[in-house]
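The values are calculated or read from the model by the stated rules, or taken from the named source; none is laboratory data. Everything numeric in this text was worked out from a predicted model, so none of it was measured. All Cβ positions, glycine included, derive from the backbone under ideal geometry; neighbour counts span all protein chains shown. The protein model used for the area step is the full one, side chains on, heavy atoms only, and it has no ligands, DNA or RNA in it. Shrake-Rupley method; radii C 1.70, N 1.55, O 1.52, S 1.80 Å.
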Amino acid sequence: MSDLAAKAASLDARDPLAKHRELFALDDGVVYLDGNSLGALPRHVPGRMADVITREWGELRIRSWDESGWWTAPERIGDRIAPLVGAAPGQVVVGDSTSVNVFKALVGAVRLAGDDRDEIVVDATTFPTDGYIAESAARLTGRRLVAAAPGDVAGTVGPRTAAALVNHVDYRTGRLHDLPGITAAVHAAGALAVWDLCHSAGALPVGLDAHGVDLAVGCTYKYLNGGPGAPAYLYVAERHQARFDSPLPGWNSHADPFAMTPGYAAAEGAVRGRVGTPDILSMLALEAALDVWDGVPIEAVRAKSLALTDFFLECVRTYVPEGRVTPVTPGAHHERGSQVALSCPEASAVMKELIARGVVGDLRRPDVLRFGFTPLYVSFADTERAARVLAEVLG
Ligand SMILES: Cc1ncc(COP(=O)(O)O)c(C=O)c1O
């Protein structure tokens with residue numbers, strides 16, 4: 001056994017989260033490092049979904065909206081996600097895609113900021129959908145869009161800024177941005193901070209309430225393991241809820257939806273972030289998937305995530321010949337999310353070969369190899385094997 005394989009075995013033996021791996025369907029011998037794109041399937045979800053489909057839908061049919069709790073699922077599941085992102089209950093609602101929630105959050109933030117603020121600041125390095133939607137939101141609300149890298153947001157916001165939309169972790173590089181510092185700077189300018197948590201929720205502590213974030217969105221199919229296309233979520237801080245004016249005021253967000261009145265009256269609380277009929281099958285798969293978090297402190301997840309990514313970088317340094325890959329993920333812990341991105345000129349061919357050899361990561365064109373570390377099910381042995389196979393492929 002090599003030194004690093006022995007080190008992996010010893011780290012796995014001392015890992016307090018090691019037993020969580022058994023909760024996931026990962027029996028195929030593959031090293032799965034793509035949980036930052038699509039989380040693995042928790043073993044109990046198919047059984048739960050069989051019951052939802054055969055009994056709740058097949059037998060109870062329409063009665064399930066009440067009797068199986070379908071109608072209240074968006075807020076109920078929002079309250080399950082809330083502790084994972086540091087939010088008190090009543091502020092998170094699940095539904096729609098992240099893209100749709102970016103639209104609700106950003107237009108809602110601009111409306112909260114008031115008419116005398118005519119700029120929206122958007123993360124220049126954002127996942128593209130946020131940028132596209134921010135551009136449209138700016139046109140719709142008559143604001144000017146200003147792009148700034150997260151590190152420059154503090155110096156960009158000013159008296160004209162209505163809101164700043166920033167990604168917590170960069171999807172490409174895995175860089176973690178300074179949510180507390182940027183939020184404070186945005187507030188000092190009198191504007192609202194809107195965060196995209198897709199690559200941080202379920203991987204590290206977010207602290208939405210503690211840091212005074214105004215609005216936030218995130219997906220549930222990555223580190224929250226909700227399944228392909230699982231619904232996203234919207235956080236509106238309690239202090240803003242009474243004035244939150246959704247740009248998509250569908251009937252599910254009405255104070256009395258079944259009154260079917262022609263005039264709109266917004267519901268109180270997180271419900272105001274709903275739009276139309278929820279995607280119940282996906283939503284209930286997500287609800288079941290969240291069971292794997294019972295009793296798991298997010299701080300323990302973060303500690304293991306940093307240990308895994310440190311160890312992966314160490315294995316890559318040891319195994320991979322000098323100059324073949326260059327880490328683009330920061331070395332400093334306070335700047336690192338839960339993925340390691342390596343630039344590599346032959347990234348596309350290399351990832352194809354890695355997958356063929358049972359190490360599944362992904363690729364961001366043209367030259368970034370991405371390896372996501374999901375602390376609930378990735379082991380140190382997986383991590384060592386991934387770096388070793390990468391070295392073989394590159395060798
Ligand atoms: C940071 C970020 N924002 C938004 C999205 C897009 O989300 P959706 O497809 O749910 O709209 C993604 C998808 O990977 C993402 O990584």
Find the Cα radius of gyration of segment 295-368, compare it with 2.2 N^0.38 Å by division, and give the number to two decimals.
1.21
With every protein chain present, what is the per residue accessible area of the chain (1.4 Å probe, Å²)?
40
Name the residue, out of Arg14, Arg274, Arg80, whose mean-square fluctuation peaks in a Gaussian network model built on the chain with Cα pairs under 10 Å.
Arg14
Suppose the chain between Asp115 and Ser348 were pulled fully straight at 0.36 nm per residue; how much longer would it get relative to their current alpha carbon spacing?
79.1 nm
Using alpha carbons only, how many angstrom separate the centre of segment 39-73 from the centre of segment 259-303?
15
Can you pull the percent of the chain's accessible area that's carbon plus sulfur, 1.4 Å probe, other chains left in place?
56
How large is the translational diffusion coefficient of segment 78-121 in µm² per second when you combine the Kirkwood radius over alpha carbon pairs with Stokes-Einstein at 37 °C and 0.692 mPa s?
271
FRET efficiency (Ala18, Asp294; Cβ distance; R0 22 Å; to 0.05) is 0.85
Could you give the angle, 0 to 90 degrees to the nearest 10, between helix 298-319's Cα long axis and the longest principal axis of the Cα atoms of the chain?
40
Rg/Rg_globular for segment 249-395, with Rg_globular taken as 2.2 N^0.38 Å and Rg from C-alpha atoms:
1.50
Protection-proxy order for peptides 40-47, 219-226, each taking the mean of Cβ atoms within 10 Å per residue, highest first:
219-226, 40-47
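With the radius of gyration and the Kirkwood radius both derived from the Cα set of segment 1-74, what is their ratio Rg to Rh? Please report the intermediate quantities before stating the final value.
Details: Rg = 19.3 Å, Rh = 15.9 Å.
Ratio of gyration radius to Kirkwood radius: 1.22.
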Full-extension gain between Ala259 and Ala303, please, as 0.36 nm times their residue separation minus the C-alpha to C-alpha distance.
10.9 nm
For helix 98-113, what angle does its Cα long axis make with the longest principal axis of the chain, in degrees from 0 to 90 and rounded to 10?
50
All-pairs alpha carbon distance profile, segment 158-223, 10 Å steps from 0, percent
22, 54, 21, 3
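Based on alpha-carbon positions alone, could you give the equivalent ellipsoid semi-axes of segment 91-168 from the gyration tensor, as √(5λ), descending, whole Å?
Square roots of five times the eigenvalues give 18, 15, 11 Å.
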Residue separation times 0.36 nm, minus the C-alpha to C-alpha distance between Leu60 and Ala184: what's the value?
39.7 nm
Zone of Glu268's modelled label, taken as backbone nitrogen in segment 227-257 under 19 Å from a point 7 Å along Cα→Cβ:
236-246, 252-257
What is the ratio of the Cα radius of gyration of the chain to 2.2 N^0.38 Å, where N is its residue count, to two decimals?
1.01
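Let a ≥ b ≥ c be the square roots of the eigenvalues of the Cα gyration tensor of segment 58-193; is it rounded (a/c under 1.5), or, if not, prolate (a/b larger than b/c) or oblate?
Prolate shape, in that a/c is at least 1.5 and a/b is the bigger ratio.
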Spin-label point model (7 Å from Cα, Cβ direction): what's the Ala25 to Ala6 distance in nm?
3.9
